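A quick write-up on the structure given underneath.
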Amino acid sequence: MSNLKFDDVKKTGIWLDKEKAIIVNLYNGNITVNTILSRMEPFYIQGGSGTSKKGGPLEVVHESKYLERKKNQIKKYFNQVISEITETNAIVLFGPAETCIKFNKELLEKHKELGAKVKDVVKADSMTKRQVKAWVKKFYKSAS
């Protein structure tokens with residue numbers, strides 16, 4: 001009987017890095033997979049623009065603009081992922097970089113209801129969609 005209740009719960013696994021999020025939803029025996037591309041620009045800070053000294057005033061201005069733009073793009077990316085998981089009951093985050101940790105922090109600070117649903121944050125190597133799907137199924141099977 002308890003397995004039936006657990007199957008009725010929508011469980012989500014999100015493989016996340018700076019480039020994309022692969023969202024796997026398990027619900028009522030069905031599996032859906034959705035990919036969200038971050039569309040973040042590659043940023044390169046180049047020195048030597050306008051001053052003869054490295055670290056001069058122009059470099060500081062360019063770096064702060066770069067950081068602000070990057071922050072806005074990450075926020076937009078995270079909001080796209082959040083919009084896909086609002087109806088879930090359990091979340092596991094995994095991926096190769098610090099992006100998962102930043103996303104979890106965003107959930108805990110600004111989306112407390114979703115943040116409370118995060119069951120684990122796991123460091124994982126790059127995976128194909130098929131591997132992500134299998135990983136999420138295995139994670140929740142061992143959790144039930």
Quick query: amide H of S38 versus all other amide H atoms, modeled in the peptide plane; which residues come in under 5 Å with a sequence gap of 5 or more or a different chain?
K20, A21
Ordered by fewest other Cβ atoms within 10 Å, a rough proxy for footprinting exposure, S38, S126 read S126, S38
Amide H within-cut-off set for I91, under 5 Å, with H built and near neighbours excluded
T12, V118, K119
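Please work out the ratio of the alpha-carbon Rg of segment 94-144 to 2.2 N^0.38 Å and round it to two decimals. Kindly include the intermediate steps, with their values, before the conclusion.
Working: Rg = 12.0 Å, N = 51, 2.2 N^0.38 = 9.8 Å.
So segment 94-144 has a normalised radius of gyration of 1.23.
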Give me P(r) over segment 71-110, computed from all C-alpha to C-alpha distances, binned every 10 Å, as integer percentages.
26, 63, 11
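No lab work stands behind these numbers, since they all come straight from the coordinates. Everything numeric here is computed off the predicted structure, so don't read it as measured data. FYI the Cβ positions are ideal-geometry reconstructions off the backbone, even for glycines, and counts take in every protein chain you see.
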